[in-house]
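These notes concern the structure reproduced below.
The values are calculated or read from the model by the stated rules, or taken from the named source; none is laboratory data. Values in this document were obtained by computation on a predicted structure and should not be read as measured data. Cβ atoms come from the backbone with ideal geometry, glycine included; neighbour counts cover every protein chain shown. The area values use the complete protein model at the heavy-atom level, side chains included, leaving out ligands, DNA and RNA. Shrake-Rupley method; radii C 1.70, N 1.55, O 1.52, S 1.80 Å.
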Amino acid sequence: QVHLVESGGGWGQAGGSLRLSCTISGDTCSKHVMGWFRQAPGKEREFVAGITSRSGFMNYDDSVKGRFIISRDNAKNTLYLQMNSLKPEDTAVYYCAGVHVSRWTSLRGPYEYWGQGTQVTVSS
C-alpha cells in the first residue's frame, strides 16, 4: 500500500516562495510517476505538475509554467514542488499523487494514490 504525506504548506506573500514536499512509503519511489494537484475553494481539483519516475520528463499547467518546479529525489523517497513568484490565485489545498509506472498513461492523470493535502495561502 503506497502512502503519500505532504508537508511544507502554509502562508506566503505574493512574489514570494514556498516549497512543498511529499514523502512516499510502501513501495520503491522510482517505480511511480508522480504529480501535484491543487483544489481552491469552490473549484475542482486541477493538475499542477507531473514528473516521470526517473525525472526524464516534466509537464506543467500553463498557470504555473515558469514559476513552479517539480522535482524528486528517489533516494530520499521524496517529491518536491518549488513554488516561486507566488500569486494569490495559487491559494489552494495541494495534493501529491502517484501511479505505478506499469499503469501510467499521462502525467496529467489518472493517478492511483493521493496524499491528504496541505494548505497553501498566498496573501497579496
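For HIS32, HIS3, HIS100, the ranking by accessible surface with the largest value first comes to HIS3, HIS100, HIS32, using a 1.4 Å probe.
Projecting the Cα atoms of ASN74, GLY12, THR121 onto the charge dipole of the chain, computed from C-beta unit charges around the Cα centre, puts ASN74 farthest toward the positive end.
Of all lysines in the structure, those lying under 23 Å Cα to Cα from LYS65, and not within fewer than 8 positions of it along the same chain, are LYS43, LYS87. Derived from the Cα gyration tensor, the three semi-axes of the equivalent ellipsoid of the range 45-124 are 22, 13, 13 Å, largest first.
Rolling a 1.4 Å probe over the heavy atoms of the protein chains gives the chain an accessible area of 50 Å² per residue. Work through the residues other than LYS87 whose Cβ is under 14 Å from its Cβ and net out their charges, Lys, Arg +1 and Asp, Glu -1. That sum, taken over residues with Cβ under 14 Å, equals -1. To put it simply, the accessible area of the chain at a 1.4 Å probe is 48 percent carbon and sulfur. Considering only alpha-carbon pairs that sit under 8 angstrom and 6 or more positions apart, the relative contact order computed for the chain is 36 percent.
The residues TRP114, TRP11, sorted by heavy-atom accessible surface at 1.4 Å with ligands and nucleic acids left out, run TRP11, TRP114 from largest to smallest.
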